Amino acid sequence: MGLIEDEVNEVSRLCGNVLPQSKLITCMSSLIRIDIHQTESRQLTVCLRFPTDYPNNKLLLEFKSKTMSLAFLERFTRICDEKTAEFVGKPQVMKVLKFVDAYLRDNPLCIVAEEIFNIKKLLDGTGGELKPRQKTSSVGLTTRGGGFYFTAKFHVPELYPVQRIDWEDFDCNLPLPLVRFVNGQAKEIARQCVEPPLRQSNSSPAFVPRPSLERTLRFIVEAMKGFPEERCPVCADLSLPPDPASVVLSEEDDRFVIRMFCGHVYHQACLRKFMSEPPFPPGGKICPAPKKHPRSDRKAGAGKSAAVMSGGGSELCQQRVTHDKWGLNDVKSAEAKWAHQQARIRELEEVIDFLQ
C-alpha cells in the first residue's frame, strides 16, 4: 500500500478526533473533502487533491465557505499554500488539516477580514488607524476629524454576525452633545443589524441578521470627518472651533453647539435668535441649511414644505427645527413672545419720544 493510501486511511480513522468540529464528506485517493464547523460564522469546506509525484510536490488546496468572504479565502489559500511547502517530501494531509483548524481558532477575526479591509481603506489619509487584536477578538479604532478624535475597542462576539459588535469604554474630545450622538447612533446602527424592526408588514421578507462591524465603524469615521466642516445654518460660521481646546463646554454659552434632529449643528445663540424672530410659518420653523444633512435623525423630506431649491441646485434641508431637550418649534408661543417683545419696544420708544 502506497503513501497516498496510507494518508487516506489515516484521515478516515483520525479526522473526527483530531478535528472535533469537522465532518468527513469524501475520503478517496482522488479527493479528500472535510467540512469544518467551528462556529456559525467560521464554517469552511476543505478540499485536498494529491498532485503527481506526491509527496515531492505540494497538495492542491481549495477552500469554500458560505460565511467567510472571498477575499479572506483567497488570502487564506496563499497562507496555507506557503505552509504546505514546508511539508514537501513528507506526509502532508494531517499536517495541513491541523494547520487549517488551528489558524481559524487562533484568528477569530477572519470572519470580519473584508470588513476590516474596507474600514482601513476608509481611514487612509485621515490620520486614523484600525488595529485588529486576534487574542481578544476585537479591533481598536482611532478616527480623526481635524483635531477631534474618537477612539474605542470593539469586540466581535463568537456568534457574529447573529450577535452585534459591542463596546463600552471610548474616548472622544467632541462637545458632549455630539459625543452622545456619535456613540448613541453607532450603538443603534449595530442593534438594527441584529434585531428585526418592531413594525413589519406581512409582506416584509423574513429578517436576516447583517454584519454590524463595518456599518457601525463607517458611521463613526464619516461622522468624525464631517464635524470639523459643519457650519451653523444661521451665521454660516464653522460650528466647532478649529482647536479642540477652544470648544465651549458651558451650556449657557452663546457658542455652545446644539445638534438638531435634522442633523445640522447650530450655535446656541444663533438658534435662539432664529427661533424667536419672524416669520413664523404655520407648520413651524424650517431649517435654513442649504442642503439636507447626510446623518439626519429623520427620513429625508420629513416635515418639509413646498420644495425649494438652492441656487446651486441642492435641495434645502427643509426639515422642522426640533430637539428632544428644547421646545423650539411651538409656533404660537414663539410668535406671542415676539409680539410681546415688539410691544415693549414700542412702549419704550413712545416714552422716549414723550420725554424728549
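The values are calculated or read from the model by the stated rules, or taken from the named source; none is laboratory data. These numbers come from a predicted model, not from an experiment. Heads up, the Cβs are rebuilt from the backbone with ideal geometry, glycines too, and the neighbour counts pull from every protein chain shown. With ligands, DNA and RNA removed, areas are computed over all heavy atoms of the protein, side chains included. Shrake-Rupley method; radii C 1.70, N 1.55, O 1.52, S 1.80 Å.
Restricting to segment 114-134, what's the tally of residues that are open to solvent by 30 Å² or more (accessible area, probe 1.4 Å), closer than 23 Å to Lys66 by Cβ and part of a helix (DSSP H, G or I)?
Of the residues in segment 114-134, 3 are open to solvent by 30 Å² or more (accessible area, probe 1.4 Å), closer than 23 Å to Lys66 by Cβ and part of a helix (DSSP H, G or I).
I'd like to know if segment 209-231 contains one or more residues that are open to solvent by 60 Å² or more (accessible area, probe 1.4 Å) and over 21 Å from Thr151 (Cα atoms).
Within segment 209-231, one or more residues are open to solvent by 60 Å² or more (accessible area, probe 1.4 Å) and over 21 Å from Thr151 (Cα atoms).
Only residues in segment 85-109 that are within 18 Å of Met68 (Cα to Cα) and part of a helix (DSSP H, G or I) count as the first member; pair them with residues that are open to solvent by less than 50 Å² (accessible area, probe 1.4 Å) and among the hydroxyl-bearing types (Ser, Thr, Tyr), Cβ under 6 angstrom, at least 6 apart or cross-chain, and list the lot.
Going by the 6 Å Cβ cut-off, the qualifying pairs are Pro108/Ser137.
Could you list all residues from segment 151-192 that are under 19 Å from Gly263 (Cα atoms) and in contact with a Cys (Cβ under 9 Å, 6 or more places away or on another chain)?
Across segment 151-192, the qualifying residues are Leu178, Val179, Val182, Asn183.
Suppose the filter is modelled with pLDDT of 90 or more and either in a loop (DSSP other than H, G, I, E, B) or surrounded by fewer than 19 Cβ atoms within 10 Å (Cβ to Cβ) (or both); does Arg255 pass it? Spell out how you get there, then give the answer.
On the way: modelled with pLDDT of 90 or more: yes; either in a loop (DSSP other than H, G, I, E, B) or surrounded by fewer than 19 Cβ atoms within 10 Å (Cβ to Cβ) (or both): yes.
Yes: the conditions hold for Arg255.
Modelled with pLDDT under 95, among the small types (Gly, Ala, Ser) and either over 19 Å from Pro177 (Cα atoms) or touching a strand residue (DSSP E or B) at 6+ places or on another chain (Cβ under 9 Å) (or both): which single residue out of Ser212, Ser204 fits that description?
Step by step, each of Ser212, Ser204 is checked, and only Ser204 is modelled with pLDDT under 95, among the small types (Gly, Ala, Ser) and either over 19 Å from Pro177 (Cα atoms) or touching a strand residue (DSSP E or B) at 6+ places or on another chain (Cβ under 9 Å) (or both).
Condition check ((1) crowded, with 16+ Cβ neighbours inside 10 Å; (2) part of a helix (DSSP H, G or I); (3) modelled with pLDDT under 95) across all residues:
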position	(1), (2), (3)
Met1	no, no, yes
Glu7	yes, yes, yes
Glu10	no, yes, yes
Arg13	no, yes, yes
Gly16	no, yes, yes
Pro20	no, no, yes
Ser30	no, no, yes
Ile34	yes, no, no
Glu40	no, no, yes
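List pairs: first residue in segment 189-204 and touching a residue at least 12 places away in the same chain (Cβ under 8 Å), second residue open to solvent by 60 Å² or more (accessible area, probe 1.4 Å) and of a type in the set (A, V, I, L, M) anywhere in the structure, Cβ distance under 8 angstrom, at least six positions apart or on different chains.
Val194/Val162
Just checking, how many residues over segment 46-62 are open to solvent by 20 Å² or more (accessible area, probe 1.4 Å) and in contact with a strand residue (DSSP E or B) (Cβ under 9 Å, 6 or more places away or on another chain)?
Total meeting the criteria: 6.
Could you tell me which numbered condition Asn173 fails, if it satisfies all but one of (1) under 30 Å from Arg255 (Cα atoms); (2) open to solvent by 70 Å² or more (accessible area, probe 1.4 Å); (3) touching a Pro at 6+ places or on another chain (Cβ under 7 Å)?
(2)
With (1) surrounded by 13 or more Cβ atoms within 10 Å (Cβ to Cβ); (2) at pLDDT below 95 as the list, and Phe99 as the residue in question, which single condition is left unmet?
(2)
Quick one: count up the residues across segment 186-196 that are open to solvent by 70 Å² or more (accessible area, probe 1.4 Å) and assigned to a loop (DSSP other than H, G, I, E, B).
So the count comes out to 1.
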